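Novice: I have a structure I would like to understand better, so I am pasting it below and will then ask my questions one at a time.
The values are calculated or read from the model by the stated rules, or taken from the named source; none is laboratory data. Since the structure is predicted, the reported quantities are computational estimates derived from the model, not experimental observations. Counting neighbours? That spans all protein chains shown, and the Cβs are built from the backbone with ideal geometry, glycine included. The accessibility values were calculated without ligands, DNA or RNA, using every heavy atom of the protein model including side chains. Shrake-Rupley method; radii C 1.70, N 1.55, O 1.52, S 1.80 Å.
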Amino acid sequence: MPKDTLTLTDNRTGKTYELPIENSTIRSMDLRQIKVSPDDFGMMAYDPAFMNTASCRSRVTFIDGEKGILRYRGYPIEELAEKSNFLETAYLILKGELPTRQQALEWENNITNHTMLHENIKKFMDGFHHDAHPMGILVSTVAAMSTFYPLGRNIHDPESRKRQIQRLIAKMPTLAAFAYRHSLGRPYAYPDNDLSYTENFLNMLFKATELKYKPDPALARALDVLFILHADHEQNCSANTMRSVGSSLTDPYSSVAAAAAALYGPLHGGANEQVLKMLAEIGSTDKIPSFIKSVKDGERKLMGFGHRVYKNYDPRAKILRKTAEEVFEVTERSPLLDIAIELERIALEDEYFVKRKLYPNVDFYSGIIYQAMGFPTSTFTVLFAIPRTAGWLAQWEEMLQDSEQKIARPRQVYLGHGQRSYIPTEERG
Ligand code: SDX
């Protein structure tokens, strides 16, 4: 009967070690027994960028990168995008089960009744330049929220965690909308509790002088689908940041601000903004071959393509391509979609991309949809951060409740100088 163990022989000493295998992994700490002498620190695994390191055990999101599978708590993303809405999906991600009718009503009421911001937040939001990037505003105002809710530091109190989670999910759209209105020099539009989560977000963004904003149901539904698709994605860069910062037991507002800062990067959530700039720069389908050549020559990346985990088509990109057509039935069709579709067609046939298993990811189509809905390019990553807040908080809470987790503090391989003595300035070469 095969044993769930790994037998290693250290050829430096001839010693053999048998390490237990659990969930197809070995524990790194089991390597520490491998020594060449009694005072040896012991062996570590070296894994820059965590290419092959499981940092936690999680039950939130499952991805099969080879098959292009994505499930939240076991439910396929395709079914949730078709049948659910963002708040229900956020409940599922956070609590592990779809809500009953009563639970859904209570959840929606709690979120709806926490959408207002403290008026003082407007004071420092007004301090930003008109052209301040909305992600810069979001990261700093979310961090500042920790000063308005100091009890959020009671991270071991389930009731306190629940209240902060509701506040963060409820207030992210308001923060984002206020940042957008500030950038246009328009007055802030306050939440309308008669509207759904995504309808209210559109209201706070686009309400003009009318007494009551009437959101377009097709656009509100498209935003729901976009938010569902962006809600969580297991241990991505920003989720890892949320867990790492949260492991020091700081408050959830500071951890979400750190996660949002990670998402801001062009290799992560900032890619949707870069895709639009790339498509606009290409300008027309006849320019695609020369652009593809510049990518293959290593001069630039094909933004919105490639993924650390998906080595097949990102299932979210498939759904977004269909959502784009639905949105364009309400808005005018973006010419950039034709460039994107032709770019995808060419790239999927080209050996450079095929060999590297580079497929469109979630950011490839999302920006085209957001632009058609009237969002400026600079707000695209904010539109990623709003729904991902639910995923970050689910990962954070799972980390806090995991008895195996401690403060995240990796080791290193030191290759620097050995000990040396101080050199007085006059003797330095
Ligand atoms: C998100 O992790 C998540 O789950 C993230 C996310 C989520 O929901 O949280 O899915 C959201 O961040 C999606 C990714 C958005 N980023 C982009 O679209 C930016 C462009 N993509 C790349 O920068 C890249 O593909 C990454 C960052 C997404 C993944 O990079 P990896 O896994 O570190 O792969 P790599 O950079 O080592 O690339 C492997 C090879 C290299 O070629 P060689 O050196 O082997 O010759 O593929 C090439 C890379 O040069 N390559 C690309 C490319 N992506 C990788 N070449 C051209 N264009 C690209 N986009």
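Novice: Considering (1) aliphatic (A, V, I, L, M); (2) open to solvent by 10 Å² or more (accessible area, probe 1.4 Å); (3) within 16 Å of the ligand (Cβ to nearest atom), say which one Ile368 fails and leave the rest.
Specialist: (2)
Novice: Identify, please: which residue in the range 206-240 is among the polar types (S, T, N, Q) and part of a loop (DSSP other than H, G, I, E, B) and is, among those, farthest from the ligand (Cβ to nearest atom)? Even if it seems obvious, please write down each step before you answer.
Specialist: Narrowing the range 206-240 to residues among the polar types (S, T, N, Q): 209, 235-236, 238, 240.
Okay, now just the ones that are also part of a loop (DSSP other than H, G, I, E, B), so 209, 235-236.
Values: Thr209: 38, Gln235: 8, Asn236: 3 Å.
Per the criteria, the residue is Thr209.
Novice: Restricting the range 290-308 to residues that are more than 6 Å from the ligand (Cβ to nearest atom) and in a loop (DSSP other than H, G, I, E, B), which is nearest to Gln274 (Cα to Cα)? Before the answer, list the steps.
Specialist: Step one: of the range 290-308, the residues more than 6 Å from the ligand (Cβ to nearest atom) are 290-294, 296-300.
Still in the list and also in a loop (DSSP other than H, G, I, E, B): 297-300.
On the way: Asp297: 19, Gly298: 17, Glu299: 15, Arg300: 12 Å.
If we take residues in the range 290-308 being more than 6 Å from the ligand (Cβ to nearest atom) and in a loop (DSSP other than H, G, I, E, B), then Arg300 is nearest to Gln274 (Cα to Cα).
Novice: Checking the condition open to solvent by less than 10 Å² (accessible area, probe 1.4 Å), under 26 Å from Arg316 (Cβ atoms) and out of contact with any Asp or Glu (no Cβ under 9 Å at 6 or more places or on another chain), which residue from Ala220, Ala177 passes?
Specialist: Numbers: Ala220 fails: out of contact with any Asp or Glu (no Cβ under 9 Å at 6 or more places or on another chain).
Only one candidate qualifies: Ala177.
Novice: A follow-up question, please. Among strands (runs of 3 or more DSSP E) lying entirely in the range 1-90, which contain 3 or more residues that are surrounded by 12 or more Cβ atoms within 10 Å (Cβ to Cβ) and under 27 Å from the mean Cα position of the chain (by Cα)?
Specialist: Values: elements: 5-10, 15-20, 61-64, 69-72.
Where strands (runs of 3 or more DSSP E) fall fully within the range 1-90 and carry at least 3 residues being surrounded by 12 or more Cβ atoms within 10 Å (Cβ to Cβ) and under 27 Å from the mean Cα position of the chain (by Cα), they are 61-64, 69-72.
Novice: Identify the single condition in (1) surrounded by fewer than 20 Cβ atoms within 10 Å (Cβ to Cβ); (2) free of Cβ contacts under 8 Å to residues at least 60 places away in the same chain; (3) of a type in the set (A, V, I, L, M, F, W, C) that Phe353 does not satisfy, given that it satisfies every other one.
Specialist: (1)
Novice: Assuming Arg243 fulfils every condition listed in (1) part of a loop (DSSP other than H, G, I, E, B); (2) within 16 Å of the ligand (Cβ to nearest atom); (3) among the basic types (Lys, Arg) apart from one, which condition is it?
Specialist: Only one criterion in (1) part of a loop (DSSP other than H, G, I, E, B); (2) within 16 Å of the ligand (Cβ to nearest atom); (3) among the basic types (Lys, Arg) is unmet by Arg243, namely (1).
Novice: Kindly list the number of the only condition in (1) among the hydrophobic types (A, V, I, L, M, F, W, C); (2) touching an Asp or Glu at 6+ places or on another chain (Cβ under 7 Å); (3) assigned to a loop (DSSP other than H, G, I, E, B) that fails for Ile93.
Specialist: (3)
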